[in-house]
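Notes follow once the structure below has been shown.
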Amino acid sequence: MALQKRTDGKDEQPAASTVAVLEEDEYRASIDHIIRRDFFPDLHRLEAENQGCLIEQSDGDAAGFKPEQSLDAFLQTHTSEDNASFSRLLLSEN
């Protein structure tokens with residue numbers, strides 16, 4: 001998730017209302033799906049051929065996850081529970 005620049009030059013976290021917080025497994029599965037689709041498009045077919053069977057592709061079941069979303073777009077609009085908790089901790093310390 002990219003940090004936004006404040007007018008005084010310091011980095012600022014995006015507003016919590018603009019980022020969907022997902023459970024760790026759901027967050028990781030969504031990122032895994034996007035990376036496989038964008039960077040390794042033939043991986044699913046090769047795995048299916050290796051196993052000797054056809055495997056159905058999932059459309060992604062994460063909250064608000066759109067299968068056509070790019071990795072950058074997903075990371076700008078979603079975060080994991082751990083990342084959100086860490087961000088809140090940092091904000092409370094400052």
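The values are calculated or read from the model by the stated rules, or taken from the named source; none is laboratory data. From a predicted model like this one, the values you see are computed outputs, not experimental measurements. Every residue, glycine as well, gets a Cβ built from its backbone with ideal geometry; the counts of neighbours run over all protein chains shown. Accessible surface areas use protein heavy atoms only, side chains included; no ligands, DNA or RNA. Shrake-Rupley method; radii C 1.70, N 1.55, O 1.52, S 1.80 Å.
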Spacing of the two label points (7 Å from each Cα toward its C-beta) at SER70 and SER92, in nm: 3.6
Starting from the residue with the highest accessible area, list ASP72, ASP38 in decreasing order, probe 1.4 Å. ASP72, ASP38
Using a 1.4 Å probe and ignoring any ligands, DNA or RNA, find the accessible area of GLU68 and quote it in Å² to the nearest 10. 140
